[in-house]
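Okay, so here's the structure we're looking at.
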Amino acid sequence: MNTATSEIFEFNKIILLYFGSTFIITAWIIRMIGERRVIFRRTFLDLPLLLFIGSQGISTLLSIDFRTSLLGYYSRFNGGFVSIVCYALLYWAWVSNMNAKKTRVTCYVLLVTSIPVCLYGIAQHFGIDKDIWVQDVQNRIFSTLGQPNWLAAWIDAIIPLTWALSLNLKNNGISDVKVQNEKLQFKIQNYWPDVLSIILFITLLFTKSRSGLLAFGIESIVFWGLCSLRIRKDDKTYWFSFVKQLLILNFALLTVTIFIGTPWTTPIISNQQPTVQTQSPTTALESGGTESGEIRKIVWQGAFDIWKSYPIFGTGVETFAFAYYQFKLEAHNYTSEWDYLYNKAHNEYLNYLATTGLVGLISYLVLIGFIFYQFKIQNSKFKVTVQNAKLDNSQKLLTFNCNFELCTLNFALISGFISILVTNFFGFSVVPISLLFFLFPGMAMTAISDKTQVTSWEKSNRNQMIGISLVLLVTCYLLLSTGSYYSADLSYSTGRQANRSKDVITAQKELTSATEKEPNESAYWDELALSNKQIAIALSESKQIEKGKKYVKDAIDESKQAIELSPHNVNFKRNYASTLTALSSYDQSYLNEALNVLKDSIAYAPTDPKLQYTLAASYYRLGQLDQAIVEMEKAVEMKKDYKETHYALALMYEDAKQNDKAKEEFEYILEKIDKNDEQVKKELEEVKDTRD
C-alpha cells in the first residue's frame, strides 16, 4: 500500500505482481538455458488454462476498450489480460520449480506474514487510524487490503492452513515426522497455529463481511469433514485426539464470536445493534443505504442484459464499467447508490459472462472443474495402506501420520479454494485472492514429492550467453515499462490532488508528465483537460482572453484524446461536455458542440437521470425552452425522487408561463422529497402570488 499512488491498495499490489512475475519467469528461463533443457511439469490444468487465457485474449482483441481489457479498469487493475497471463505463468513456474519442502515453507511464510496484517486490522477497530480514512474503519476494518470484503476473502483463503498445522503439530504427540525420506522437525510451540487461527478469526469478525462469514462456515465444514473421513477409525487414541482438537478450537472460535458479534448478532460486551448493512468506500453493495442484496439483484440483471447483447465474447475483459451504463435498469436509480459508477458486476461469474461472454464464462468454469479434479488426484496419492504391511505398530503409526500430514495440507488448500469461490459469488477477486486462486492448485501439486518432476530434452545451444543476454534485455524492457507505468501513476495522483485543491499549475505540470510517460492512458488526458479548463476559466475571469485561448484549445484537444482512447467511457463524454459549456465564454458555438456530445452520451447511458438533466440544461442555455422541458420531463421520469430535476423543471415551467405545472412540481418536492426546503417554499409562494 502507498498513499502516494492514485489507488492506495490494489495498484501497488498489481505493480508488485508485474515485477515479481517478470523476475520469476526470467529466472526460470535462465535456468532452462543454463541447464540446456526445458523444465516444465505437465499438469491437468495445462489445457484448461490455455483455453481460459485464449478466451480472455480473444475478448481483449474484440473489446470495446482495448487498453482497459489489457491492463484492467483503472482503479481496479486486477483482472486485465496481462494480470491473468501473469497468474497463469506463476502457476506453471510454481509446479515446475517448487518441491514439497518449499511448498511447506511457503505455507509458513504466508501465515507469518498474515500476523502484521491482522494486528493492524485489529488496531484499526480500536481507532489507530480512524482520522485518516473517509470510511468508518472502526466499524468495518480493511487493514492493508483496502476493503472489508477483500480482507475477509483473503483470511478465509488462508485460515484452513492454521487448522492443518494445528492437527499436524499435535499428531499424537509425535514431533518428528518423516515424509519421503525428509525429517521435518517442529520446534515451535505446538499451539501457535491455534493462536494464529483465533487472531485471523477475530480479524474476520471485525470486517463484518457477511460473504466472508458464509465462506468461513462452508470451508469449516469441508475441512473438518474431509479430515474426519481420513482418520483411522480403529485408532481410538488418534480419533480422540482429533475430536478433542476439533471441539477445543471451534469452541474457542464460538466464544470469540459471542463476545465480538457478527453482522446478525449483538456482542454481549456491547449495547450495539446487529449491523446488517455493509459499508465501503464505493458502493452500497459494500456500504450502508439500500440493502446490498437488493442492489445486487439489479446489478446482476444488468450484467445478464449485457451478455444477451454480447453473447459470445462479451464486451471485453474488465469493461463492465462502460457496458453497464447502457443496460442499467431504472430501478437502480431508486437505490442509495444510484449515481455511483459500477465497474464490476459484484459477482465474478456474471462479470465474466458480461465481459467475456459465454466462451469466457465456460472456460472459467471448466478451469475450476479441472482444479477440483487436480485436487482429487493429489488427494488420492496420499492413500497409504498400513494395516496389512509387515510393520510394527510404531512404524504403522508413523506411516499414517506422514500420510495424514499431507492430507490435511491438501484439505486446507481445497477448503481455502472453495472459500474463494464463495466470496467471488458475492464480489470479485483482487490481486491477493487471484494469486491464491491460481497458486493453491500448484501448491497441492508440489506438496507430495521433494523432487521437482520435469519433462526435459536437450536442445542445440550455440551460445548460452547470447540467449541469456537476450532474455535479460527483454526483462529490462518489461521492468522499465512497469516502472514507467508506476511513475506515471505517481504523477497522475499528484496532479489529480492538485486539481482538487485548485493548484492548477502543479496539476498541469504533473499530468503533462503522466501523459508523456503513458500517452495511451485515457484517464490522464481527461484529468489534464480539467487543469487546462480551470486555467482558461481563470484567465477569462481576469479578462485575459487571448492568453486563455491556448488553454481552451489544449483542454478541448485533451478531452477529445481521452474519448478517442476510451470511446465508451460515458464519464469522459460528460466531462467533455462540461468543459465545452464552461468555456463557452470564449466561443458560444461550444454550447452547440456540448449539446451534441451529451446527445451522443445518452445513447451509451439511456437511463442516467444526471446525464438527461445536463442535456435539458444545455437546451435551456441555448434558448430552446420547449425542448429543454421535454428533456427535463424525461429526467424526472427516470428518477422521481431526484429533487434537482423537479426544481429545474418547475423553473422552466415558470419561464414558459405554465404556472400550474410549476406549482405541481414545487408541491411534489415538499410532499414527497424534502418538506423542509425553504427555497422551494419561497418559490411556491411566488408562483401562487403570480397565479392570484
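Remarks
- Sole exception among (1) closer than 19 Å to LEU50 by Cα; (2) touching a residue at least 60 places away in the same chain (Cβ under 8 Å) for LEU358, by number: (2)
- Count - residues of region 43-70 that are part of a helix (DSSP H, G or I) and buried (at least 23 other Cβ atoms within 10 Å of the Cβ): 8
- ALA616 meets all of the listed conditions (1) crowded, with 21+ Cβ neighbours inside 10 Å; (2) in contact with a His (Cβ under 9 Å, 6 or more places away or on another chain); (3) of a type outside the set (D, E, K, R) but one, namely (2).
- Lone unmet requirement of (1) buried (at least 17 other Cβ atoms within 10 Å of the Cβ); (2) touching a residue at least 60 places away in the same chain (Cβ under 8 Å); (3) of a type outside the set (D, E, K, R) for VAL134: (1)
- In the set PHE77, PHE11, PHE40, only one residue is under 27 Å from SER363 (Cβ atoms) and within 22 Å of the chain's Cα centre (by Cα); that residue is PHE77.
- Residue among SER601, SER584, SER618 that is touching a Leu at 6+ places or on another chain (Cβ under 7 Å), outside any helix (DSSP H, G or I) and either within 30 Å of TYR342 (Cβ to Cβ) or free of Cβ contacts under 8 Å to residues at least 60 places away in the same chain (or both): SER584
- Filter pass, VAL95 being surrounded by 22 or more Cβ atoms within 10 Å (Cβ to Cβ) and assigned to a loop (DSSP other than H, G, I, E, B): no
- So LYS547, is it of a type in the set (D, E, K, R), surrounded by fewer than 15 Cβ atoms within 10 Å (Cβ to Cβ) and not assigned by TED's automatic domain parsing to the domain that holds ILE64: yes
- Being among the acidic types (Asp, Glu) and surrounded by fewer than 21 Cβ atoms within 10 Å (Cβ to Cβ) is a property that ASP626 has.
- Count of region 71-91 residues, restricted to those that are crowded, with 20+ Cβ neighbours inside 10 Å, among the polar types (S, T, N, Q) and more than 17 Å from ILE25 (Cα to Cα), is 1.
The values are calculated or read from the model by the stated rules, or taken from the named source; none is laboratory data. Computed from a predicted structure; not experimentally measured. Heads up, the Cβs are rebuilt from the backbone with ideal geometry, glycines too, and the neighbour counts pull from every protein chain shown.
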